[in-house]
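Worksheet: the structure to be examined is printed underneath.
What follows is calculated from the coordinates using simple rules that are stated; it is not laboratory data. Every value quoted in this text rests on a predicted model; they were computed, and no experiment measured them. Heads up, the Cβs are rebuilt from the backbone with ideal geometry, glycines too, and the neighbour counts pull from every protein chain shown.
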Amino acid sequence: MVSPTPVITVNRRGAARLRGGHLWVYRSDLVQNVDVPRGTLVQVHDERGRKLGSAFYSDASQIAIRMLTGEEITEERLPSLLRERIASAVQFRQQIAGDTDSYRVIFSEADLLPGLIVDKYNDVLSMQGLTQAFDRDDLRQIVIEALAEHFPTCGLVERVEPHIRELEQLPERQSQLVRGERSSTVLTMNGVRFHFDGLGGQKTGAFLDQRENYAAAARYAHGEALDCFSYQGGFALHLARMCEHVTGVDSSRPALEIAEQNEQLNHAAHRCGEIEWIEANAFDLLKDYASAGRQYDTIVLDPPAFAKTKRAVATALRGYKELNLRALKMLRPGGVLVTCSCSFHVSEAEFLEMLGSAAADAGRRVWILEKRGQAQDHPILLNVPETAYLKCIIVKLMN
Ligand code: SAH
């Protein structure tokens, strides 16, 4: 006997959101108090009983429903649907990810696999289930087996983010190697090499979403460079191929230790400018350097997300402006600023307005060379704005 798939009714606002192409329904837009097991497949209906499709249900998250398909499907169909979705995600990446052995294989909502993230770092895959559904043993097994089929020689690490498990009220689980023997490796993107360790005490890795922006930054980089919020050297190592001298700044000593190891990895392979790593608060350092009259030809700003919520946007924009104002003041004529924001809540329009106002305050005229976003292996699903979060603007100071 197959048990019937539970039905959840959403109100007008929830239904309109889904008809508008979004995949989420918030708990406040569910009609009745639902008593559905966590992480199960549900059928979604509007208040008139019209069918909106099938979704995963969470009994903890504010995002109660994440749509999987506009059709009504049963649990029996789920494994084959997941396998098809994984196969097309893999196929797309193989088509577009050039000059890299590392890319995002599955990007959650954008691949219509809401709650599942899989990254490939050379021969190690890292998977993360962010929802109750993708924490189910049966679904994890399907994903693990499908990944093994597509990437038979790769190790597979399951990475656990404790705060996400808390949000979904999932029991604690440790990050672990779930397949193969390798959990650490060396990856290459744009010809630059990085250490990756999916399980080590000090997590290492690279920001895959910046891969194409690293290459873009390197196209314009020259002279003396300053990379603020350097982490393990993503931009700095790319800049070093084009610049005489690079200063990488980060407040995290462990991150800079890995950055130095990454520098060693690349030293033998190609000509590198000298890199100096400085442990400092980038706000303080920029302030000191700007008032000391220091100048650079290339500056990168890639801070962590300042606006984690909508309410934090105004404060975040002030932070971005302070950084960008100082950076623009320190650029030599013809210099290039690569400025990023990974805050979803700050739109590209707001970010550009901030940058314009920083340029005006600094008394600088700049060209926008490029308006960029996340790499193509992190596709943006139209009508799901949350899948677009990274902004990377490249400007040049006019002579
Ligand atoms: N540009 C990096 C990623 C940056 S992630 C890359 O491409 O790999 C953000 C980094 O900012 C983290 O390494 C964090 O340690 C650092 N950070 C956060 N606050 C900081 C501050 N006030 N000053 C300097 N670094 C900071």
Gyration tensor verdict on the chain (Cα atoms; rounded if a/c is under 1.5, prolate if a/b is larger than b/c, oblate otherwise): prolate
Amide H partners (placed H, <5 Å) of Thr9, local residues excluded: Val31, Gln32, His45
Inter-label distance, nm, simple model (7 Å from Cα along the C-beta direction), Glu276/Ala87: 5.6 nm
Which listed pairs, of Lys51/Lys371; Lys308/Lys371; Lys120/Lys308, have C-alpha distances above 30 Å, in listed order: Lys51/Lys371
Ranking of Thr387, Thr309, Thr298 by count of other Cβ atoms within 10 Å, fewest first: Thr309, Thr387, Thr298
Relative contact order (percent, whole number), the chain, Cα cutoff 8 Å, 6+ residue spacing: 11 percent
Hypothetical label at His267: residues of the stretch 167-209 whose amide nitrogen lies under 16 Å (7 Å Cα-Cβ projection): 193-195
Crossing angle, helix 78-96 versus the chain [Cα axis fit, 0-90 degrees, rounded to tens]: 20 degrees
Cα centroid of the stretch 286-351 to Cα centroid of the stretch 223-245, whole Å: 16 Å
Estimated [θ] at 222 nm from DSSP helical runs (n ≥ 4, -39500 (n - 2.57)) normalised by residues in the chain, nearest 500: -9500 deg cm²/dmol
Using alpha-carbon coordinates, inclination of helix 137-150 to the longest axis of the chain, degrees: 60 degrees
Derived scalar couplings ³J(HN,Hα) [the stretch 36-41; Karplus, 6.51 cos²θ - 1.76 cosθ + 1.60; whole Hz; x for Gly, Pro]: 10, x, 4, x, 8, 7
Sequence of His22, His163 once ranked by neighbouring C-beta atoms within 10 Å, starting from the fewest: His163, His22
FRET efficiency, 1/(1 + (r/R0)^6) with R0 30 Å, evaluated for Asp99 and Lys308 via beta carbons: 0.40
Nearest-ten-degree value, helix 282-291 long axis tilted from longest Cα axis of the chain: 20 degrees
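Where the only charges are on Cβ atoms (+1 Lys, Arg; -1 Asp, Glu), what is the dipole of the chain about its Cα centre, to the nearest 20 debye? Please list the in-between numbers first.
Details: 46 positive and 52 negative charges, 248 e Å.
It works out to roughly 1200 debye.
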Cα shape, the stretch 12-124, gyration tensor, a/c 1.5 rule: prolate
Loop-located trypsin sites (Lys or Arg not before Pro) in the stretch 268-318, at most 13 other Cβ atoms within 10 Å (DSSP): Arg271, Lys308
